[in-house]
Structures are given as structure tokens and as C-alpha cells.
Amino acid sequence: MLVPELILKKRNGASLSEKEISFLVEGYTSGIIPDYQVSALLMAIYFKGLDTQETAFLTKSMMESGSVLDLSFLGQRCIDKHSTGGVGDKVSLALAPLVASEGVVVPMICGRGLGHTGGTLDKIESVPGFNTRLQPDEFLRLLKNNGLAIGGQTGELAPADRKLYALRDVTGTVDSIPLIAASIMSKKFAEGAHGFVFDVKVGAGAFMKDKARAMTLAETLVSIAKEAGRDAVAVLTDMNQPLGFAVGNALEVSETIDLLKGGGPADYREVLFVLASHMFVLGGRVSSTQEGRALSEQVLNSGQALEKFRQMIESQGGDGRVVDDDSILSPSPYSTMIQSDKDGFITSIDAYETGMVSILLGAGRQKSEEEVDPGAGIVFKKKAGDAVSKGEAVAVIYSRNKDVLTVAAERLLNACVVKNRKVFPEPLVLDVIKG
Ligand code: URA
């Protein structure tokens, strides 16, 4: 098979066969097919799409690019959650320990920042020492001992997704429904969970800007899971403004610790409880989402989720003292306060622009090989709907690069729209799709 021919075939809108797709995935994963050819192929897929069969073939070859875990030896329901990507979306950090602390096993293989969105791996790695490069035997040992593991795609688990994900991030090919679906499902199948809760983000800061596209993605994810005999629920949640107040890796971990101690922003708590209640149902722990909600609130309030979070950090080599002293997660050294230039109400905070500003500050990557600055990012002081006075702080930005602060501050101020009329933000949960 010739790679240029396959690129042309997709560029001209034809369907690729199972053999052709696995040839491309295997060739790219092993390094035989170079980035520039796969970049062209991804762009062709971006514009011409993949049909249901091609998406299933792509998911399968990406899953088979590495080991596929068998969790049956645990004898328990294993349920994972995955977000399609948002800004300030740190929910996995609290959700995994909360659910695991009640006996539902959570095998979580997650990703790094992608495009303007953050990634759970980058966030949790801001805890000094935390190791996400888990080999399969280590991943399984953690699941057996703690009921919980958070890892990335190592050379062993869905390595094709690790390479493709990084390439999509820098080639403008992220927001394609089949590419997102195959990326997510290949990781999810490789980790061996029995059921999944998908948080499909909708709005300015999501890859799916409108509800119709988000529904299509949600239905695609749920149907791929169902075809493979797994349970799945997709919850559509609003991503027009960033979730919570913190955007940036260590800043989001601090906000999570605050939440696990009983504080934290209301929107973060709400999305956490909704997703946890579905995970409890899929995990067989409760029989309705109402019961799941009550259990989630009880587990959070009792401090049980916080203790599980500490155990998760320590058992993956991280410094568990962050739980008691989050100054270990100190923000980057240079900061600027952004003040409102008028009186009124915040009508919107553009989550996409916020994500781009966080990249500029160093919290995300501009090139695939870049390291993120763990302490960089934004802490908002306001949410959409809040009143604000001229001169009052709207946000504080942090970076280790002094030179970017002025431009970042200007862009962020423009992203926070102030008008003289109060608005009520979108509902947080827009829909639920069950398998
Ligand atoms: N999350 C993933 O794991 N992959 C994507 O492509 C988008 C969000």
C-alpha cells in the first residue's frame, strides 16, 4: 500500500478499508510513516470525515496498537469517565477518588492538553513526583490495591493515540467528531473498563460549539461503547465559560483540593455530582441517579473523597503533603491583576479565548514537544452573571514569562464581557444520552 494513494483516497472523499486503516495506524505508531504524511491524512479526515465503519476500524487499530488490559481478575465493576475537553475542566481529579472511595473501581487513562483545552495528565503532574507513566502491571496493581489509577498512554496503552493526539494538537485537526471518538474510545477500550460516563462539553470552550454537533459526538461515543458490549452514558455540559475559577494545571489542583475539603466553586461541584451519580449507577453501587447524587454529596462531605485523593497521590509517587499545604503548588512568579474597565454585570467569559490565553501564559503547549509551566494560568474572581465595579478585580494571571503578561491581560479583559444588564448563565447540564 502506498501512503500518498491513501491520503488522496481520503482527500477525494472515498472510504478507507479496515486493512488500509490498520496499515496507516501501525505504520505511524512504529515510526515508518512520517508526521508530514499523517498530518495530511488527518486534514483530509477533518474535511471529508469518516463513516461509522471507518470510525470503528480506526478505534480498533488504535486500541490494538498496544496492550489491552483485562480487568476481570478484580471481580468488580470498573467504570471510567472521560471529558471531550474543556477549559478549567478539572472534574476528573475529584471524581475519580470520590467514586473509587465507594468501591467502584476507576481505571483512568487520560490525555494532555489538546488545542485550547487542558488535560488531566498535565494537571495531576503538577503535583511534585506524581507519576502518570504507568506500565500495565503497575496500573493493575494500583487498581487492585486502591481501586483507582490515573495514567497516560504509555508506550504500552494505545500508543497510536498518544502520537496522533500530539500531532492533531499542532495541525488544526482536533475538532473532528470521528477523530475525537476514536481517540477517546481506543484509550477507554485499552484500559478495560466495563462502563463509561462521557462528559461531552458544548459551547465556546468546547470542540463542539453547538448542541447538535455535541449530540452527534455523544451518540457516536455511546454507540461505539454499546457495539463493544460496554455500558455508557453521555452527559452534555455547558462549556461557554470556564468551569470553576481556576484555569491552569497547579491552580486547578489547588481548586480541587479546596473542593474536596468542602469549598470550591458551585459549578464544579454540580458537574462533579452529576457525573458521579451516573458512575455510581453504572458501577452498580446505587440503582438511581438520585441515590447516586445523595451518595456523592455524603462522600464529599465526610472527607472520604479527600483521603482517597491523598492515597491516589501518594501511591503514584506524588507529594501527599499538597493536601494539607497547597503552597507546594505555588503559582508562577509573575502575575497581573485584571480589573474591570466599567461597572455592570459580567455577561460572558469566553472559554475559548481563556484557553488560548492560558496557553500564552505557559499552561498549555504551542508545539507538541513543549513542557507546560505547572504554575501558569488564570484565577478568575468573577463568573458570568456577577456584578462588577470599575477597577474591581476580574482575574489574576500567572506566568514564568514576564513578557507575555501585557498581551495576555489585554486578551483576557476582552474575553470578559461586561454589560449593564444582568444575565443568567446557561444551565450546566444540557442533556443526557444513555446507551
Ligand atoms: N479527548 C481525547 O481523549 N481525545 C480527543 O480527541 C479529544 C478529547
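For the range 298-360 versus the range 179-202, the inter-centroid distance based on Cα atoms is 25 Å. When the range 3-49 is described by a simple charge dipole with +1 on each Lys and Arg Cβ and -1 on each Asp and Glu Cβ, the residue from Ile21, Tyr46, Ile32 located farthest towards its positive end is Tyr46.
Top to bottom by accessible area (1.4 Å), largest first, where do Met208, Met356 land? Let's see the in-between values first.
On the way: Met208 0, Met356 55 Å².
Most to least solvent-accessible, the answer reads Met356, Met208.
Within the accessible area of the chain, what % is carbon and sulfur when the probe is 1.4 Å and the other protein chains stay in place? Don't skip to the answer; put the middle values down first.
On the way: 8440 of 16790 Å².
Answer for the chain: carbon and sulfur cover 50 percent of the accessible area.
Per-residue surface analysis assigns Thr55 an accessible area of about 10 Å², computed on protein heavy atoms at 1.4 Å probe radius.
How high is the relative contact order of the range 91-238, in percent, with contacts defined as C-alpha pairs under 8 Å that are six or more residues apart? The partial results should precede the final answer.
Working: 197 pairs, mean separation 30.2, N = 148.
It comes to 20 percent, rounded to a whole number.
With no solvent and one point per C-alpha, what does the Debye sum give as log10 I(q)/I(0) for the range 318-435 at q = 0.14, 0.20, 0.23 Å⁻¹? Treating every Cα as an identical point scatterer, log10 I(q)/I(0) equals -0.70, -1.05, -1.18.
Near His82, the amide H atoms lying under 5 Å from its own belong to Val197, Phe198, Asp199; only residues 5 or more places off or on other chains count, and H is placed 1.01 Å from N. Note that the range 328-333 has calculated 3J(HN,Hα) couplings of 4, 9, 4, x, 4, x Hz, one per residue in order, obtained from phi through the Karplus relation 6.51 cos²θ - 1.76 cosθ + 1.60 (θ = phi - 60°); glycine and proline are x.
Largest first, the residues Arg285, Arg11 sort by 1.4 Å accessible area into Arg11, Arg285.
For the chain, pairs of C-alpha atoms spaced more than 42 angstrom apart make up 11 percent of the total.
What is the packing order of peptides 325-335, 175-185, taking the mean over residues of other C-beta atoms within 10 Å and listing the highest first?
Details: 325-335: 15.9, 175-185: 23.9.
Highest to lowest by the protection proxy: 175-185, 325-335.
What the range 317-435 shows is 52 Å² of accessible area per residue, with the surface traced by a 1.4 Å probe over protein heavy atoms.
A helix-only calculation puts the chain at -14000 deg cm²/dmol for mean residue ellipticity at 222 nm, using -39500 (n - 2.57) for each DSSP H run of at least four residues, averaged over all residues.
For the full complex of protein chains and a 1.4 angstrom probe, list Met62, Met43 by accessible area with the highest value first.
On the way: Met62 5, Met43 70 Å².
Output order, biggest surface exposure first: Met43, Met62.
What's the magnitude of the charge dipole for the range 272-332 around its Cα centre, counting Lys and Arg as +1 and Asp and Glu as -1 at the beta-carbon? Answer in Debye, nearest 20. Intermediate results must be reported in sequence, preceding the final value.
Details: 5 positive and 8 negative charges, 57 e Å.
That gives the range 272-332 a dipole magnitude of about 280 debye.
Of the residues Val418, Ile397, Ile359, the one whose Cα sits farthest toward the positive end of the charge dipole of the range 331-419, with +1 on the Cβ of Lys and Arg and -1 on the Cβ of Asp and Glu, is Val418. With Cα atoms defining each centre, the range 1-48 and the range 93-170 are spaced 28 Å apart in the structure. Computed over Cα pairs, the Kirkwood radius of the range 1-66 leads via Stokes-Einstein (1.002 mPa s, 20 °C) to a diffusion coefficient of 183 µm² per second. Overall, the chain carries a charge dipole of about 580 debye about its Cα centre when +1 sits on the Cβ of Lys and Arg and -1 on the Cβ of Asp and Glu, all other atoms neutral. Report the normalised scattering of the range 17-125 as log10 I(q)/I(0) at q = 0.10, 0.18 Å⁻¹, calculated by the Debye formula with identical scatterers on the alpha carbons. These q points yield log10 I(q)/I(0) values of -0.43, -1.12.
The values are calculated or read from the model by the stated rules, or taken from the named source; none is laboratory data. Keep in mind that this is a model prediction, so the values were computed, not measured. Methodologically, a virtual Cβ is constructed for each residue, glycine included, from the backbone with ideal geometry; neighbour enumeration extends over all protein chains shown. All accessible areas refer to the heavy atoms of the entire protein, side chains included, with ligands and DNA or RNA removed. Shrake-Rupley method; radii C 1.70, N 1.55, O 1.52, S 1.80 Å.
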